[in-house]
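What follows is a single structure, written as structure tokens, with notes after it.
The values are calculated or read from the model by the stated rules, or taken from the named source; none is laboratory data. Note that the structure is a prediction, hence the values are computed from the model and not measured. Note that each Cβ is placed from the backbone with ideal geometry, even for glycine, and that neighbours are counted across all protein chains shown. Keep in mind that these areas ignore ligands, DNA and RNA; they rest on the heavy atoms of the full protein, side chains included. Shrake-Rupley method; radii C 1.70, N 1.55, O 1.52, S 1.80 Å.
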Amino acid sequence: MEHLLRLIRNSLKAPDVRKKLMFTFFILVIFRIFAHIPVSGVDLVQLKALFAQSQLLGLLDIFSGGTLANFSVMALGLNPYINASIIMNLGTLVFPKLEELQKEGEMGRKKINQYTRFLTVPLASVQAVGMFALLKSQGIIFLDNPILILSFILTMTAGTMFLVWLGELITEKGVGNGISILIFAGIVGRFPVIFGQTITTATSQNLFNILSFVVMGLLVIGLIVIVNEATRQITVHYARRVRGNRMYGGQSTHLPLRLNQAGVIPIIFAISLILLPSLFANYLTASSNQVLKSIATEVTIWFNPNGPIYNISYFLLVVVFTYFYTAVVFNPKKIAEEIQKYGGFIPGIRPGTETAKYLNYILTRITSAGAIFLGFIAILPVIGRSVTNVQTLLLGGTGILIVVSVVLETIKSIEAQLVMRNYEGYQK
């Protein structure tokens, strides 16, 4: 706590860091204002009644920051952008040109981000059409004019792109990763509503269960912090080299391999995919075709958030995406080449290919532990609700993981900027 207070005090003293913090806060205020601007033609009373009946829609509303239940212009949230990011990341494994762009550094990443934004537009439009079909089948939306329907779809798509733009503004001119911070702000914005519903429905019988849920949540927060900060230190020695009259190298250092190398990305990717079957099934339940209707009904049952198929699939997706994203952000072959280039070696391991194999072996082992932990956190809500019988606390481990991880990453980002500022001041 003392370290955090000192960090906040130092951040407010530094003019450039303070400016970035204020800019981030300003963007978050804009986000929360637009989150309460509703789209015309929607019966909000019936919509909230529908959300109260559906646990799936309630979960979606939490991760949209309440924009879905209010059906604001940002009701689609960042899901289309996240899905586009998944497609582009998978595309780097399939298309050589995308892989080359990824290796080009900052310019290549900017180009891939541009392609991701282009892909977000059609995905958001398709989801807007599906959302319209779902609301129409439930008698919640009253738009029959083609122009009004087109306006609805364009509004939904524009809301998503505006949200993406806000996230990129935070990344560029604010503090931390903008997309993650917006998701964090949406989840935190729903905390008062969730706990308010829980307290109002609390009785003397389940009050103990609520307290148990809170204690469980605090333990989960502690575990998340421990796992996020856990690293495996790989010792690296550097050989002595003589250049002119000077001697270089000869020291030892450590290469830190994080237990959770992928952060919150696997959870965000997995939840975006695991909700798709249920969403499409909800759209098809109003179909006049009996075959499609029966299939949609079965899919809805299979992918019930409390069902085994949903949770097993969710767990496996988190594990797969953890390995996938770790492979994207950490390249053992490249690290081994960099170590060899500067005359370094791992004791007992030959430089080059053998070092890459060793790093890959270590990374695979520690990633398996991190992946299983993330998968457990993902399905923790079902475990918590079955143990405590508290059904209103939908947030669970997934939301807590995102919140805690984003806070930790943002704190590290602020610390890095303070260190850089002090270093630049020392140079001057």
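Among the residues of segment 152-171, write down those that are closer than 16 Å to Ile141 by Cβ and aromatic (Phe, Trp, Tyr).
As a first pass, look at segment 152-171 and keep what is closer than 16 Å to Ile141 by Cβ: 152-156, 159.
Of everything in segment 152-171, just one residue is closer than 16 Å to Ile141 by Cβ and aromatic (Phe, Trp, Tyr), namely Phe152.
Go through segment 167-188 and give me each residue that's of a type in the set (A, V, I, L, M), surrounded by fewer than 20 Cβ atoms within 10 Å (Cβ to Cβ) and more than 15 Å from the chain's Cα centre (by Cα).
Residue satisfying the conditions is Leu169 alone.
Show the residue pairs meeting these rules: Cβ distance below 8 Å; 6+ apart or different chains; first residue within segment 119-145 and within 19 Å of Lys293 (Cα to Cα) and hydrophobic (A, V, I, L, M, F, W, C); second residue modelled with pLDDT under 80 and open to solvent by 40 Å² or more (accessible area, probe 1.4 Å).
Within 8 Å, the pairs are Ala133/Tyr283; Ala133/Ala286; Leu134/Tyr283; Leu134/Ala286.
Within segment 141-163, is even one residue more than 24 Å from Asp43 (Cβ to Cβ), in contact with a helix residue (DSSP H, G or I) (Cβ under 8 Å, 6 or more places away or on another chain) and surrounded by fewer than 22 Cβ atoms within 10 Å (Cβ to Cβ)?
Scanning segment 141-163, I find at least one residue that is more than 24 Å from Asp43 (Cβ to Cβ), in contact with a helix residue (DSSP H, G or I) (Cβ under 8 Å, 6 or more places away or on another chain) and surrounded by fewer than 22 Cβ atoms within 10 Å (Cβ to Cβ), so the answer is yes.
Taking the conditions exactly as written (part of a helix (DSSP H, G or I), under 22 Å from the mean Cα position of the chain (by Cα) and modelled with pLDDT under 85), does Lys110 satisfy them or not?
yes
Tell me, please, whether a residue that is open to solvent by 20 Å² or more (accessible area, probe 1.4 Å) and on the phi > 0 side of the Ramachandran plot can be found in segment 345-357.
Within segment 345-357, one or more residues are open to solvent by 20 Å² or more (accessible area, probe 1.4 Å) and on the phi > 0 side of the Ramachandran plot.
For segment 358-404, name all the residues that are among the small types (Gly, Ala, Ser), modelled with pLDDT under 85 and surrounded by fewer than 21 Cβ atoms within 10 Å (Cβ to Cβ). Steps first, answer last, please.
Here is the first cut: in segment 358-404, the ones among the small types (Gly, Ala, Ser) are 368-371, 375, 378, 384, 386, 396-397, 399.
Subsequent filtering for residues that are modelled with pLDDT under 85 retains 378, 384, 386, 396-397, 399.
If the condition is that a residue be among the small types (Gly, Ala, Ser), modelled with pLDDT under 85 and surrounded by fewer than 21 Cβ atoms within 10 Å (Cβ to Cβ), then Ser386 is the only one that fits.
From the list Ser272, Ser294, pick out the single residue that is in a helix (DSSP H, G or I), closer than 24 Å to Met131 by Cα and in contact (Cβ under 8 Å) with a residue 24 or more places away in the chain.
Only one candidate passes the filter, namely Ser272.
How about segment 35-50: which of its residues are part of a helix (DSSP H, G or I) and open to solvent by 70 Å² or more (accessible area, probe 1.4 Å)?
Kept after step one, since they are part of a helix (DSSP H, G or I), are these residues of segment 35-50: 44-50.
If the condition is that a residue be part of a helix (DSSP H, G or I) and open to solvent by 70 Å² or more (accessible area, probe 1.4 Å), then Val45, Gln46, Lys48 are the ones that fit.
Given (1) open to solvent by less than 50 Å² (accessible area, probe 1.4 Å); (2) modelled with pLDDT of 85 or more; (3) farther than 30 Å from Val129 by Cβ, where does Val318 come up short, assuming only one miss?
Exception for Val318: condition (3).
Taking the residues in segment 339-357 that are in contact (Cβ under 8 Å) with a residue 24 or more places away in the chain and under 15 Å from His254 (Cα atoms) as candidates, determine which candidate is nearest to the chain's Cα centre (by Cα).
Among those that are in contact (Cβ under 8 Å) with a residue 24 or more places away in the chain and under 15 Å from His254 (Cα atoms), it is Ile339.
Quickly run through segment 297-315 and pick out the residues that are assigned to a helix (DSSP H, G or I) and open to solvent by less than 70 Å² (accessible area, probe 1.4 Å). Don't jump to the end; show me each part of the working.
Initially, segment 297-315 is screened for residues assigned to a helix (DSSP H, G or I), giving 297-302, 308-315.
Hits for segment 297-315 are Thr297, Val299, Thr300, Tyr310, Asn311, Ser313, Tyr314, Phe315.
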